[in-house]
Amino acid sequence: MTDQAYNFAYLDEQTKRMIRRALLKALAVPGYQVPFASREMPMPYGWGTGGVQVTAACLTPEDVLKVIDQGADDTTNAVSIRKFFQRTAGVAVTEATGEATIIQTRHRIPEQPLKAGQILVYQVPIPEPLRFLEPRETETRKMHELEEYGLMHVKLYEDIARHGQIATSYAYPVKVEGRYVMDPSPIPKFDNPKLSVNPAIQLFGAGREQRIYALPPFCNVVSLDFDDHPFRATKAAHDCDLCGAKDSYLDEVITDDAGGRMYVCSDTDFCAGRQAAGHAGRLAAGGKA
Amino acid sequence: MSIVQRMAPDTPLLQVDGLTKRYGARIGCADVSFDLWPGEVLGIVGESGSGKSTLLSCLAGHQPTDAGRIRFDGRDVLAMSETERRRLARTDWAYVHQNPRDGLRMGVSAGGNVGERLMAVGARNYGDIRGKALDWLGRVEIAADRIDDRPRAFSGGMQQRLQIARNLVTGPRLVFMDEPTGGLDVSVQARLLDLLRGLVRDLGLSVIIVTHDLAVVRLLADRLMVMKSGRVVEQGLTDQVLDDPQHAYTQLLVSSVLQV
C-alpha cells in the first residue's frame, strides 16, 4: 500500500519534472553529463541516491520494478530500494528480468538481453571518467568540450606498462557515438558489450555528484583500447557451479578456510531461471556433483 | 646551422605585434613586438617582475592578452578558436615549465608522460608509443630501464630532461621555455644546456627562452630581448647585447654577473 504521507514515488512533482528535463537532455546528447539539482534522499550517499531519483522520476503506477545489486535481487541495497518504492509508490515488483519495465541496477547489466520498452537505471558513484587523471572539474569539462581524450589512453597505457595487459576490469571507459567518453558506472567490463546497440533505454544517475547521463536505445558504445591490445570482455574461467552456465558473469564464493570455493552466477534471476529449466552445475542439489 | 636555416625561409615563424597585457591598472607587459624566424633561439632576460613570464604565458595562450597581434605560421593565434589553439599547443608548440612538476604528470610513469602527447594526437598502438618513448628517453639520456618509473623517483635534472622529452616527442616547431635550468645545480645545468643546444640544432627548433641567467642565453640564444617594467628596453644579437650593452638597465644587468 502507498504511504499517503508521500507523493507518488516519494519525490514531489516539481522535482520529478526537473529530473525528467535533465533526462531528456541526457538522452538527446548521449554520454554527456547533465547537471541536475540532486535532492537529499532518505538513504546515505553511496546507496544509490542518484539511481533512486532517476527511477522515481520515471515510475508510473503501471510499472513493474526490479532492483538488483551486483546482479542479485536479495542483497541489502536491492531489498531496501525495492521496499522503498513499494511503500512510496505501491508499484508491482518482480525479480524476473523479462517482466520488469524499470530495472534499477548497481554494478551489473542483467544476463538476459533487454528489450525495447524497458528502462535500465544505473547507480553511479563517480560519473567523471577523467576524475582520477585530472582532478580539476573545470579542466575535465573543457576536455569533454574539446574532445581531448588522450589522457584516457594514458591510463590504459599505464595498465599495460605495469601489468602487461589492460588491468582495468570494471568502470571501463567507453566512447559513445564517437563523441563523449563515458564512465559506464562500476559494471564489470564483461558487461561493456551489452551497453552498445541495446534496445532498452539506459539512464545513469549520480546523486552526490549531481549528474545524469544516458544512452538512448540502439546507440553505439565502443570500449577504448589500443590496436595491439584490443578490448576483451573477461570473466572467471569457470562454469556456474549451480546452473552450469558457461557464458555468465560469475561471483567467487569462499566456502571454507581450506581453499574451498565455488563460482556462481552473479545474476541470481538468470541462475534461478536456468536451474528451474533443469540445468545443473557441479555443486547443484541433486545435480551431477 | 640547421637545415631549416639553410633553406632561408622568407616568412617569420612567429610574428608578435604590440602585445600588451595589463593586470588591472598595472602593466604585465606593454607593446612588445618581435619576429621569430624558423630555427632561431630568442632569449628574454630581465629581473623578477619585469614581465618576461607574463609575456611567455600570453604568447603560449595560457592567459588572454589585452591588445596586440600574434601570428604563427601566417595564422592569427588570438583569433583562433580554443579547439584550434589547444591542438596547436599539443602539436606544433611545446612548453617547458620551470618546475618539472608543473609540466609532468607525477602519478604517471616516464613512458606514459612521454606518450601522452602522442595519444592526444591519436596514436593508438601501444608498441609504437612505447618504442617512441624509449627512443626519446634515450635522446635525453634517461636509461631505458627507468621507463616504468614515476617521475617522483627521478632527480630534479632527470625530471627536467623528461619534461623536455615529453614536449618534443610530437616534433613541435616552436618551444617555449620558462627558466628551464632554474633550481638545478651548476653541473646538472651545464649538461642540460648541452643537451638542449644539441636538440635545438638537430631538430631545427625555434625557441623562446625566458631566463634571468645570462650564461644560459649566452650559450643558447641567437638573439636577446631585455625587459624592464613590462617593456622591451633593448634587443639585438646576443653577443652584441651582452658585450656592448646600450641601455642603462642592460649595463647594470651585465655588470651584476659575478665573475668567477
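The values are calculated or read from the model by the stated rules, or taken from the named source; none is laboratory data. Just so you know, these numbers come straight off a predicted model, no measurement behind them. Methodologically, a virtual Cβ is constructed for each residue, glycine included, from the backbone with ideal geometry; neighbour enumeration extends over all protein chains shown. Areas reflect the complete protein model, heavy atoms only, side chains present, ligands, DNA and RNA absent. Shrake-Rupley method; radii C 1.70, N 1.55, O 1.52, S 1.80 Å.
Restricting to segment B:102-125, name every residue that is over 19 Å from the mean Cα position of the chain (by Cα), more than 7 Å from chain A (Cβ to nearest Cβ) and either under 11 Å from B:Leu162 (Cβ atoms) or in contact (Cβ under 8 Å) with a residue 40 or more places away in the chain (or both). Within segment B:102-125, B:Met106, B:Gly107, B:Ala110, B:Leu118, B:Val121 qualify. A single member of B:Arg71, B:Arg85, B:Arg75 is free of Cβ contacts under 8 Å to residues at least 40 places away in the same chain and away from chain A (no Cβ under 14 Å), and it is B:Arg75.
Among the residues making up segment B:20-57, those that are among the aromatic types (Phe, Trp, Tyr) and crowded, with 17+ Cβ neighbours inside 10 Å are B:Phe34, B:Trp37.
Beta carbons closer than 6 Å, at least 6 apart along the sequence or on distinct chains, pair a first residue in segment B:215-239 that is closer than 16 Å to B:Leu252 by Cα with a second that is surrounded by fewer than 23 Cβ atoms within 10 Å (Cβ to Cβ) and of a type in the set (Asp, Glu) for B:Val226/B:Glu234. Here A:Arg39 passes the criteria (1) loosely packed, with under 15 Cβ neighbours inside 10 Å; (2) touching a residue at least 12 places away in the same chain (Cβ under 8 Å) except the one numbered (1).
Among the residues making up segment B:129-142, those that are farther than 22 Å from B:Pro180 by Cβ and either open to solvent by less than 60 Å² (accessible area, probe 1.4 Å) or within 8 Å of chain A (Cβ to nearest Cβ) (or both) are B:Ile129, B:Arg130, B:Gly131. There is no residue in segment A:1-10 that is assigned to a loop (DSSP other than H, G, I, E, B) and either under 16 Å from A:Pro127 (Cα atoms) or modelled with pLDDT of 95 or more (or both).
Yes/no matrix, rows are residues, columns are (1) buried (at least 21 other Cβ atoms within 10 Å of the Cβ); (2) more than 8 Å from chain B (Cβ to nearest Cβ):
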{"residue": "A:Glu134", "(1), (2)": "no, yes"}
{"residue": "A:Glu145", "(1), (2)": "no, yes"}
{"residue": "A:Gly150", "(1), (2)": "no, no"}
{"residue": "A:Tyr157", "(1), (2)": "yes, no"}
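The residues on offer are A:Pro110, A:Pro61, and the sole one that is open to solvent by 70 Å² or more (accessible area, probe 1.4 Å) and at negative phi is A:Pro61.
Does segment A:12-23 contain at least one residue that is more than 19 Å from the chain's Cα centre (by Cα), assigned to a loop (DSSP other than H, G, I, E, B) and not aliphatic (A, V, I, L, M)? So far as segment A:12-23 goes, yes, one or more of its residues are more than 19 Å from the chain's Cα centre (by Cα), assigned to a loop (DSSP other than H, G, I, E, B) and not aliphatic (A, V, I, L, M).
The residues listed here are B:Leu104, B:Leu88; of these, the one that is open to solvent by less than 50 Å² (accessible area, probe 1.4 Å) and touching a helix residue (DSSP H, G or I) at 6+ places or on another chain (Cβ under 7 Å) is B:Leu104. Taking the condition in contact with a helix residue (DSSP H, G or I) (Cβ under 6 Å, 6 or more places away or on another chain), open to solvent by less than 20 Å² (accessible area, probe 1.4 Å) and more than 17 Å from B:Glu116 (Cβ to Cβ), does A:Val121 pass? Yes. The number of residues in segment A:211-240 being closer than 20 Å to A:Leu27 by Cβ and buried (at least 22 other Cβ atoms within 10 Å of the Cβ) comes to 5. The listed residues are A:Arg261, A:Arg179, A:Arg208, A:Arg162, and the only one of them that is open to solvent by 20 Å² or more (accessible area, probe 1.4 Å) and in contact with a Phe, Trp or Tyr (Cβ under 6 Å, 6 or more places away or on another chain) turns out to be A:Arg208.
Across segment A:213-231, the number of residues qualifying as away from every other protein chain (no Cβ under 14 Å) and assigned to a loop (DSSP other than H, G, I, E, B) comes to 5. Any chance segment A:132-139 includes a residue that's touching a helix residue (DSSP H, G or I) at 6+ places or on another chain (Cβ under 7 Å) and not polar (S, T, N, Q)? Scanning segment A:132-139, I find at least one residue that is touching a helix residue (DSSP H, G or I) at 6+ places or on another chain (Cβ under 7 Å) and not polar (S, T, N, Q), so the answer is yes. Taken together, the residues in segment B:58-68 that are within 14 Å of chain A (Cβ to nearest Cβ) and open to solvent by 70 Å² or more (accessible area, probe 1.4 Å) amount to 1.
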